[in-house]
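Read the structure below first, then the notes.
The numbers here are math on the coordinates, done by the rules we state, and not lab data. Since we're looking at a predicted model, the values are computed, not measured. Cβ placement follows ideal geometry from the backbone for every residue including glycine, while neighbour counts extend to all protein chains displayed.
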Ligand SMILES: Cc1cc2nc3c(=O)[nH]c(=O)nc-3n(C[C@H](O)[C@H](O)[C@H](O)COP(=O)(O)OP(=O)(O)OC[C@H]3O[C@@H](n4cnc5c(N)ncnc54)[C@H](O)[C@@H]3O)c2cc1C
Ligand SMILES: Nc1ncnc2c1ncn2[C@@H]1O[C@H](COP(=O)(O)O)[C@@H](O)[C@H]1O
């Protein structure tokens, strides 16, 4: 089988679940090869192949099916120099180097999988230019490869309104998978606990820093305070508030607490400064598909719906009977969220008391 | 400071949109075309940059005749000049071809900063800016919420899932802007009048030294085999709150085993 390269992103200095899902997906087309960017520069005088990668990460990568792990370490940067590695360009360099080393006659097809985060898209664009490759975004499934069809994938288009089958007309293809799809693939692999039993080769790769990369400096980086509520992308229940809350999220939070869920927001609520950007659901925010999504004081514009319409059950509370959100709600109350939500919280407590949970 | 803003003309995403056989391209209708909503944020940042550094903004678009609307909109908001790249050979172009054309235009215009939207609202790949960056050998600052500069370096702020970042880059540089950036301005009567006196340059592929075999249907690196509309979720039970709305909501959750 030929290699399928996977760009591993490590947003918090740790391999993302989406990246592990990509490795699982890559197994459908060939032997998954992970390309990881080490945080350690290769001139730091460390000779371990996997320097800068945690042992737990190596285990995760091999469980996800990587037959080879290429650890790219930047040359010519040190963290003290203040010149900070810009992973987008550097990862592109790493991938190009990894692929050009291995392009043999038997392996003329180059396939690279990336996750559709902002960084993943930057790398995909750059890499497609360098490899003269086709590039396809918003991919939700890889389709079986037949001898004459080339690489075919299923993707969504026009804000998820369409499902489209696209074929690469080139030998080389960069496939950008929707991050929530890749994460879900990994979650499923973990659920079934069917892991591959491979011992990957680890190969170090020196990655020289280019001019453009050094042109970017990080002036400041501030990690977000992680809230105690469940992570939005993994929450089974999401309670979202919009402009209708007028900035008062108390009842949204109370219902989220009662249901053990995460809180979320519409663009309008984030834009008004009521919620942080990582809470935004929709086209320019996150896509979620929990068991239950409650939208309160949210009109349900097409841009919001695209982020939540795949939820199993949708409940809406809105004063306006004509709000589009009711068009996709399983259950809706036309009413004031400031009275409906607190009453629901009270009733939930009462029901729980009665059935003793 | 010379700023180029990239604006795309797209079908209004608030209206019904569809893909049409046999090649499954977007169905176009002149009246419903607007400047891609996210590019309005790019334009606003471009205008602010130019205003604080006595610079000028040139709006650039690639597309058929009707696409000039995107440039006209930019001129009405305060851009100084516009470029509309149009050529019959461009029909069916993919993202790579669009980037080839736009990077050639940027080379010709020689700006300090190129500002684009974080994604177009039709194809929405977010790839065009990174491809231009790669073709020009420039750094890319992607998905930023604010653009600042002291004139010699460009500084941006962006919010990510994991936190806040402030980055700096020397120019020339390409930046993409999110919808968390400053609210786009409305055109005024005065700027609309002024726009009538501004020039829109019309360039063809040969003006940019691009061979027609590099673009269009035949050069496209992907082809669409089929497209189907996803069934939309129907509405369920909707009722008016008669004083027990919250209780009804809780009962529904209990019924569905969600408590
Ligand atoms: C390219 C693009 C991308 C976008 N991406 C996103 C995105 O990712 N996410 C997103 O959410 N939006 C996005 N938007 C914006 C989107 O189009 C809407 O503007 C936004 O979703 C509106 O938010 P809202 O529903 O909170 O506000 P509104 O549309 O103003 O709705 C507020 C609702 O609250 C109701 N209400 C008011 N008071 C009460 C009350 N007391 N009780 C109950 N109901 C009440 C009103 O009836 C109304 O329906 C995007 C737009 C564009 C152009
Ligand atoms: N045909 C075009 N003309 C001008 N700018 C474009 C065009 N296509 C894409 N862009 C720019 O690139 C950004 C990202 O677009 P896309 O890669 O299509 O998601 C847009 O927000 C525009 O700023």
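Using only Cα atoms, locate the centre of the range B:1-46 and the centre of the range B:140-168, then give the distance between them in Å, rounded to an integer. Rounded to whole Å, the Cα centres lie 25 Å apart.
Between the beta carbons of residue B:244 and residue A:289, assuming R0 = 35 Å, the FRET efficiency works out to 0.70 to the nearest 0.05.
Centroid-to-centroid, using Cα positions, the range A:117-188 and the range B:53-80 are 32 Å apart. Across the range A:237-355, Cα pairs under 8 Å and at least six residues apart give a relative contact order of 25 percent.
Sorting the segments B:171-182, B:15-26 by their mean number of nearby beta carbons within 10 angstrom, highest to lowest, gives B:171-182, B:15-26.
In the range A:3-208 the Cα-Cα distances spread across 5 Å bins starting at 0 as 1, 8, 16, 21, 21, 16, 10, 5, 2, 1, 0 percent of all pairs.
Taking each pair of different alpha-carbon atoms in the range B:52-168 once, compute 1/r for the pair, average those values, and report the inverse of that mean as the Kirkwood hydrodynamic radius in Å to one decimal. Let's see the in-between values first.
Values: mean 1/r = 0.0639 Å⁻¹.
It works out to 15.6 Å.
If I fit a long axis through the Cα atoms of helix A:179-192 and take the longest principal axis of the Cα atoms of chain A, what angle between them do I get, 0 to 90°, rounded to 10? The helix A:179-192 is inclined about 90 degrees to chain A. What whole-number distance in Å separates the alpha-carbon centres of the range B:218-259 and the range A:255-334? So the two Cα centres are separated by 11 Å.
The angle between the Cα long axis of helix B:127-136 and the longest principal axis of the Cα atoms of chain B comes to about 20 degrees, rounded to the nearest 10. Seen from a random direction on average, the alpha-carbon convex hull of the range A:237-355 projects onto 6.5 square nanometres. Working note: Debye formula, equal point scatterers on the alpha-carbon atoms of chain B, no solvent; log10 I(q)/I(0) at q = 0.08 Å⁻¹ is -0.39. Indicate, rounded to the nearest 5 percent, the antiparallel portion of the DSSP beta bridges found entirely in chain B. Percentage antiparallel, nearest 5: 40. Remark: mean inter-chain Cβ contacts per residue of A:134-144 equal 3, using a 10 Å Cβ-Cβ cutoff to other protein chain atoms.
At 222 nm, what value in deg cm²/dmol follows for chain A if DSSP H runs of at least 4 each add -39500 (n - 2.57) and the sum is divided by all its residues, to the nearest 500? Working shown, then result.
Values: 10 runs with 105 residues, N = 357.
Mean residue ellipticity, 222 nm, calculated: -9000 deg cm²/dmol.
On full extension of the chain, what length is gained from residue A:336 through residue A:130, given 0.36 nm per residue of separation minus the C-alpha to C-alpha distance?
Details: separation 206, 0.36 × 206 = 74.16 nm, distance 5.50 nm.
Roughly 68.7 nm would be gained on extension.
Ranked by the mean number of other Cβ atoms within 10 Å of their residues, highest first, the peptides A:156-164, B:185-193 come out as A:156-164, B:185-193.
Which semi-axes, in whole Å and largest first, does the equivalent ellipsoid of the protein assembly as shown have when worked out from the alpha carbon gyration tensor as the square roots of 5 times its eigenvalues?
Numbers: eigenvalues 283, 211, 118 Å².
Each semi-axis is √(5λ); the values are 38, 32, 24 Å.
Peptide A:163-175 has a mean of 4 when you count, residue by residue, the C-beta atoms of other protein chains within 10 Å of its C-beta. Here the contact order of chain B, divided by its residue count and restricted to Cα pairs under 8 Å and six or more residues apart, works out to 24 percent. Debye sum, Cα scatterers, the range B:150-259, no solvent: what log₁₀ I/I(0) at q = 0.18, 0.22, 0.23 1/Å? Taken in order of the listed q values, log10 I(q)/I(0) reads -1.12, -1.14, -1.17. Contact order, relative form, for chain A: 15 percent (alpha carbon pairs under 8 Å, 6 or more residues apart, mean separation divided by residue count). Over chain B, dividing the summed -39,500 (n - 2.57) contributions of all DSSP H runs of at least 4 residues by the number of residues returns a 222 nm mean residue ellipticity of -8000 deg cm²/dmol. The angle between the Cα long axis of helix B:95-109 and the longest principal axis of the Cα atoms of chain B comes to about 40 degrees, rounded to the nearest 10.
The calculated P(r) of chain A, using every Cα pair and 20 Å bins from 0, goes 27, 50, 22, 1 in percent. Peptide B:17-25 shows a mean partner chain C-beta count of 2 within 10 Å per residue C-beta.
Summarising the label geometry, the points placed 7 Å from Cα in the beta-carbon direction at residue B:66 and residue B:27 lie 1.2 nm from one another.
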